[in-house]
Amino acid sequence: MRVGIVGAGATGLTAGFELVKDGHEVTLLEAEPELGGLAASISVGGTPLERYYHHVFAGDTAMISLIEELGLGPRLRFHSPTTGIFYDGRLHDFTSPLQMLRFTPIPLLDRLRFGMSSVLLKLIRDGERLGDRRAIEWTRRWAGRRASEVIWEPLLAGKFGDRADEVSMAWLWARVNCRTFKLGYVDGGFDQVYTRLAERISAAGGKIELGARVDGIRQADPAGPVEVTTREGTRYSFDRVLATVPQSTFAKAIGAEPDDPLWAAGYLGATCFILELDRSVIPYYWLNVNDPDFPFLAVVEHTRMIPPSEYGGRHILYVGNYVPRDDWRYTTAPERLLERFAPYLRRLNPDFELSWVRRWHYSRAPFAQPIVTPGYRDRIPAHRTPLPGVVLATMSQIYPQDRGQNYAVQMARDVVHRYFRRSGGRPD
Ligand SMILES: Cc1cc2nc3c(=O)[nH]c(=O)nc-3n(C[C@H](O)[C@H](O)[C@H](O)COP(=O)(O)OP(=O)(O)OC[C@H]3O[C@@H](n4cnc5c(N)ncnc54)[C@H](O)[C@@H]3O)c2cc1C
């Protein structure tokens, strides 16, 4: 079959790899000039570095098996990096259960309740049954009001902004239940995974076209080919198409009616600075900023996990945010934004000066985090679409787990198996 894949992120590239292994003629159409989507990288000191902080968890079996299949297993190393919380004007260690129990901003009894409720989340097997409850209600009831207000609610607010109150408990359950203290990183960057996938696809005769922004996916005859057009006017004809783009992009491309539920999916955008510094700023790999005044959510000092020598001696600090696309933090020019962030970085480290920043990079993605509210499962669109030759495999279909490379790989393998291997080439 001639298969067109729209989007060359983790999902599209994994699916392309699986499809060429099955002997299909594959063409990937990617809007951006680079591979990898949200997991794309830039070069820092000659080493690829993800535009947005990335690691995998020990339980990310699909991603780990892909890394191994591509011959990168020996480069995947698990680390035990440190975590902190900035609250009430201070940095607090928050890596181990013992440090959590010493977290003085909440009384001891509440700390114990927080600890017990976290253990409970680890023990609950089927977190989907919490899907209809709001996370805030659950954390207030089980972790206690104080722990909820100090620990969980700022995290939800940082991640989901004014939609935080609506977030489903199934989402928070998955964040706690499926994650491990050990974090994995491929020495030399995840970029190698995406580059190798592309190499394997090309070696098998597949094509990858960068800068090809698809704006039309049509199938006039249910038994006929699928016609795909790009904004630049190039036309393609495929037997089957796999779309891995955000729901609204897909809805637009197929000309969905205005009342089509595909349009209704809510996403937040992401913005992220990579600061290349001549010294360290925070004593942790991961710092949650639980102070509601701060204009950013997470600060990740990547070089607390991977040594600065990998990046020409530079210390790497990510400053990341999830925000609506009309928020000032999404629309402000990055030069100005960095100036506005500087005083807050100084609150994390009083010595911080912008002169420490030798170079910086800024990335912005409009569809970075689906907003998972109660009843989400019922609103997830099917992989099968109104066009019989077209399958949709997109980030917002991942549930209850938080989206991530692992789930992109798992979904790609799953849709290829379910919709491209059985029933003679038509979605069954
Ligand atoms: C801030 C941040 C931190 C993250 N941290 C982690 C982490 O630590 N660990 C982890 O595993 N995951 C992490 N993730 C999530 C991970 O990056 C994603 O889950 C994964 O990369 C999604 O892959 P995807 O292919 O499904 O989607 P995407 O990466 O969104 O790929 C979709 C592709 O489609 C392309 N596209 C869009 N529109 C069109 C069009 N019209 N025509 C053609 N192409 C189009 C896009 O350019 C993109 O390349 C993080 C994400 C963010 C934003």
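Laboratory data are not the source of any read-out in this text; all were calculated from the coordinates shown. Nothing here was measured: the structure is a model prediction, and the numbers come from that model. Cβ atoms come from the backbone with ideal geometry, glycine included; neighbour counts cover every protein chain shown.
Taking the C-alpha atoms only, the angle from helix 334-348 to the longest principal axis of the chain is near 40 degrees. Every helix of 4 or more DSSP H residues in the chain counts as -39500 (n - 2.57), and over all residues that averages to -8000 deg cm²/dmol at 222 nm.
Which is the longest stretch in the chain that no exposed loop site breaks, taking sites as GluC sites (Glu not before Pro) with a DSSP loop state and at most 16 other Cβ atoms within 10 Å? By the stated rule (loop sites, at most 16 other Cβ atoms within 10 Å), 35-231. Among Ile274, Ile380, the ranking by other beta carbons within 10 Å of each residue's beta carbon, starting with the fewest, stands as Ile380, Ile274.
Kirkwood hydrodynamic radius computed over the chain comes to 22.6 Å, based on all pairs of distinct alpha carbons. The equivalent ellipsoid that matches the C-alpha gyration tensor of region 267-370 spans semi-axes of 22, 15, 13 angstrom, in descending order. For the chain, the longest principal axis of the Cα atoms and the long axis of helix 405-415 meet at an angle of about 30 degrees. Exposure proxy shown here: for Arg329, Arg240, Arg279, the number of other Cβ atoms within 10 Å sets the order, fewest to most, as Arg279, Arg329, Arg240. Among Cys272, Cys178, the order by Cβ neighbours within 10 angstrom, fewest to most, reads Cys178, Cys272. Estimated at 0.36 nm per residue, the fully extended path between Ala382 and Arg279 surpasses their Cα-Cα distance by 32.3 nm.
Projecting the Cα atoms of Leu101, Asn177, Gly131 onto the charge dipole of region 96-177, computed from C-beta unit charges around the Cα centre, puts Leu101 farthest toward the positive end. Label-to-label distance, Trp263 versus Glu25, with points set 7 angstrom from Cα along the beta-carbon direction: 3.7 nm. Short-range pairs are left out: with C-alpha atoms under 8 Å and at least six residues apart, the relative contact order of region 267-370 is 46 percent.
What Kirkwood hydrodynamic radius do you get for region 105-202 when you take the inverse of the mean 1/r over all pairs of distinct Cα atoms, in Å? Evaluated on region 105-202, it is 15.4 Å.
Each of Thr47, Ala333, Leu387 was scored by the projection of its Cα onto the charge dipole of the chain, and the greatest displacement toward the positive side belongs to Thr47; charges sit on the C-beta of Lys, Arg, Asp and Glu. Taken about its Cα centre, region 169-305 carries a charge dipole of roughly 400 debye when the Cβ of each Lys and Arg holds +1 and the Cβ of each Asp and Glu holds -1. Backbone phi angles across region 80-93, fed through the Karplus curve with coefficients 6.51, -1.76 and 1.60 (θ = phi - 60°), yield HN-Hα couplings of 10, x, 9, 10, x, 10, 9, 8, 6, x, 9, 8, 10, 5 Hz in residue order; Gly and Pro are listed as x. Charges were assigned to the Cβ only: +1 to each Lys and Arg, -1 to each Asp and Glu. The resulting dipole of the chain about its Cα centre is roughly 840 debye. Could you tell me what percent of the DSSP beta bridges with both partners in the chain are antiparallel, to the nearest 5? Bridges in the chain that DSSP calls antiparallel: roughly 70 percent.
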